[in-house]
Amino acid sequence: MSGTTAAFDELVSRYQERLLRFLLTRSASRADAEDAVQDTFINAYRYLASFDPRWRFSTWIYRIVIRNLARQRRPEWQETDDTLVSDDDPLRNCIEMSERENIWLAARSLLSEEVYAATWLRYVEDLSVKEISRALHKSQSWTKVNLLRARRRLTAALNHVPPKKTAQRESYG
């Protein structure tokens, strides 16, 4: 049992910050995000026997966190993690933080919950299309199409370009 506990402690230390970053963009406050991380690890420990070792642990843990999020109320605003930028130049830090925040704020307002989650898992957590599909219970085709549409929509919004007529008919969720 102590080996299992030690191994689980290692998984917590490996994924805690990643999950917190993911949740900070989706929670009303940092405290809510931290509570959700704790709930996710409690559920993961409780259901560890159901983990299928054929899949990456990250896919399984994100599936749990996404289920937990589905039970929560959609947040009104996001909090950013000030520790993400480590450069010593304060102006550069400010610009990078602002750009990063603007991208994810735009994504949050333009994309559905599922497409936002897929986009975050791909570009922040670097999960594969297959892993994202499994975590979100979607097909790989759905994941590929919606990641492409999300990129197009975000690029247009951030460059202040009106979407093409064909893009307006696309579903983003």
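What follows draws every value from the coordinates through simple rules; no lab data is involved. Note that the structure is predicted; figures quoted are calculated from it, not measured. Positions of Cβ are backbone-derived with ideal geometry, glycine not excepted, and every protein chain shown enters the neighbour counts.
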Legend entry - Distance between modelled label sites at residue 56 and residue 106, nm, 7 Å Cα→Cβ extension: 2.6 nm
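Can you give the extra length, in nm with one decimal, that the chain gains between residue 29 and residue 124 once fully stretched, where that is 0.36 nm per residue apart less the Cα-Cα distance?
Details: separation 95, 0.36 × 95 = 34.20 nm, distance 1.99 nm.
In short, 32.2 nm is gained.
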Legend entry - Sorted by Cβ density within 10 Å, fewest first, the residues 142, 55: 55, 142
Inset, instruction - Could you please rank 145, 37, placing first whichever residue has the fewest other Cβ atoms within 10 Å of its Cβ? - result: 145, 37
Inset, instruction - Let me see the pair-distance distribution of region 1-76: every alpha carbon pair, 10 Å bin width, integer percents in order. - result: 19, 53, 24, 5, 0
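How much length is gained if the chain between residue 141 and residue 5 is pulled fully straight, taking 0.36 nm per residue apart and subtracting their Cα-Cα distance, in nm to one decimal?
Numbers: separation 136, 0.36 × 136 = 48.96 nm, distance 3.79 nm.
Between residue 141 and residue 5, full extension yields 45.2 nm more.
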Inset, instruction - Using label points projected 7 Å from each Cα along Cα→Cβ, tell me how many nm separate residue 14 and residue 48, to one decimal. - result: 1.3 nm
Inset, instruction - Starting from one equal scatterer on each C-alpha and no solvent at all, send me the Debye-based log10 I(q)/I(0) for region 28-70 at q = 0.28, 0.29, 0.33 Å⁻¹, two decimals. - result: -1.00, -1.05, -1.20
